[in-house]
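First the structure, in the form of structure tokens, and then the observations on it.
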Amino acid sequence: MPHKFEPCRKDNLDSPERHKALPPETILSLLPLAPGQAVADIGCGTGYFTLPLAAKLPRGRVFAVDISQEMLDSLRDRLARSGDGNVQLVKSEELDIPLPPGSLDGALLSLVLHESEDSVAFLKAVKRLLRPGAWLGLVEWVKRETAVGPPLAERIAPAAARALAEKAGLKAVTEKPLGADFYFMLLQS
């Protein structure tokens, strides 16, 4: 069973170290964001990417999706302070994301694919939400030991991520390293 991020460690999600290693503005610059889009931050946690997405899409809609009510409650508190009104919180199960099929222009999965019980089924559940031709941004850990992060056995190498995506009916468009510890892949439905 894959390791899931523990909500008791949620303060680490917005740490200065994380901002240095995985700057939100860098990740968002890799996404084909356009005004008015409906996008989901799946595995949103406390909103590390949700809040910057909301700021980039003031006339769009951002769905903050997580399996942890504790994470969503933390994000709700942050949203109350930020005043971002274009974010909707969505409590989810891993394979049952309660959004209408074909309702999204894009989605972001940051450091969550390796936590899924069945990666292909999870990607299929996400793909179901995407409009034809929509994008899916994937951020994952490199497949080697690092000072922090999940166990090596749970990490997904880029070639394996591409293969999983293809099995789910998604096509890899671009791929690039993100510093020493992460990589980014843009997929299309």
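No lab work stands behind these numbers, since they all come straight from the coordinates. Every value quoted in this text rests on a predicted model; they were computed, and no experiment measured them. Here Cβ is always computed from backbone atoms with ideal geometry, including for glycine, and neighbour counts include all displayed protein chains.
Brief remarks follow.
- Filter on Lys124/Lys167; Lys20/Lys127; Lys20/Lys176; Lys127/Lys171; Lys91/Lys143 - keep pairs with C-alpha separation over 19 Å: Lys20/Lys127; Lys91/Lys143
- Of the residues Ala80, Val62, Gly149, the one whose Cα sits farthest toward the positive end of the charge dipole of the stretch 41-189, with +1 on the Cβ of Lys and Arg and -1 on the Cβ of Asp and Glu, is Val62.
- Highest to lowest packing among 112-122, 173-183, scored as the average C-beta count within 10 Å: 112-122, 173-183
- Unit Cα scatterers, Debye sum, the chain: log10 I(q)/I(0) for q = 0.15 Å⁻¹: -0.85
- When you filter the trypsin sites (Lys or Arg not before Pro) in the stretch 88-189 for DSSP loop state and at most 12 other Cβ atoms inside 10 Å of their Cβ, you are left with Arg144.
- Relative contact order, percent, the chain [alpha-carbon distance under 8 Å, six or more residues apart]: 19 percent
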